[in-house]
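Note sheet for the following structure.
Only the coordinates and a few stated rules stand behind these numbers; no lab work does. Nothing here was measured: the structure is a model prediction, and the numbers come from that model. Glycine gets a Cβ as well: all are built from the backbone with ideal geometry, and neighbour counts include every protein chain shown.
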Amino acid sequence: MRLFVVTHPDFIVGEQDKINALFEAGLETLHLRKPDASQKEYTDLLNGIKQEYHCRIKIHSFFELTDNYNLLGVHLNSRNDSYSGKRKVNVSKSCHSIEELEDISAYDYVFLSPVFDSISKEGYFSSFSERILQTASEDGKINEKVIALGGIDRTTLPLLKQYAFGGAAVLGAVWAKEDVVSQFTKLRTI
């Protein structure tokens, strides 16, 4: 099962150092998601991350940065729903219903959210009952290309295997604590 980390939506003190430390601790893929950030803030953050890790970063905005940085790819969402850059990159997207999983063959993987009640977004509750997830799993709609997002922590992470998710993306479980590496390591061991 793969484990992804999504950045906190706001900039935090020492974020570049924390991201570098996450990569050093074994993080395979980071999703850089800052919905209210400017392109300059994106580039400043990227410039603070070691260049050797850029190839493990997916961006959620300012897709033209893939022309200047050796990034892993882009993540499509309601604000940025297509990619037309010069470089061939890894493309993933956000899904918020089982119906959106009907044809995901064009993507390297997709996020399905919120699978559980969100840790980082107050009042953002799960859209999926256990029955819905089980049926989607049995129908093959949830598979190795579907990554669970929303409310993933040490208690909910083990539940994902029974639904055949290919992995989990975490945000609040990592960034809510000061020692992000320790939080990530605990999740990875699960």
- Cα extents of the chain along the principal axes, largest first, in whole Å, come to 44, 37, 29
- Task: Taking 7 Å along the Cα-to-C-beta vector as the label spot, tell me the Glu144-Glu100 distance in nanometres, rounded to one decimal.
- Result: 2.4 nm
- Sequence-distant residues sharing a close amide H with Ala168 (under 5 Å, placed H): Arg2, Leu3, Phe4, Ala148
- Item | Ser84-Asn47 FRET efficiency (beta carbon distance; Förster radius 25 Å; 0.05 resolution) | 0.55
- Query: Nearest 0.05, what FRET efficiency do Tyr107 and Arg154 give at R0 = 25 Å with Cβ-Cβ as r?
  - Reply: 0.35
- Query: Ranking His31, His75 by Cβ neighbours within 10 Å, fewest first, what do you get?
  - Reply: His31, His75
- Just how large is the dipole of the chain about the Cα centre, in debye to the nearest 20, putting +1 at every Lys and Arg Cβ and -1 at every Asp and Glu Cβ? 340 debye
- Task: Sort out for me the Cα centre separation of the stretch 128-181 from the stretch 21-43, rounded to whole Å.
- Result: 21 Å
- Message: Under 25 °C and 0.890 mPa s, how fast does the stretch 38-127 diffuse according to Stokes-Einstein, given a Kirkwood radius computed over C-alpha pairs? Answer in µm²/s, whole number.
- Response: 169 µm²/s
- List the relative contact order of the stretch 2-189 as a percent without decimals, with contacts defined as Cα pairs under 8 Å and 6+ residues apart. 20 percent
- Note on the structure: Under 19 Å by backbone N from the virtual spin label 7 Å along Cα-to-Cβ at Asp117, the residues of the stretch 136-157 are 149-157
- Tell me, which longest segment in the chain has none of the trypsin sites (Lys or Arg not before Pro) that fall in DSSP loops with at most 10 further Cβ atoms within 10 Å? 89-190
- If one compares the long axis through the Cα atoms of helix 180-189 with the longest principal axis of the Cα atoms of the chain, the angle in degrees, nearest 10, works out at 40 degrees
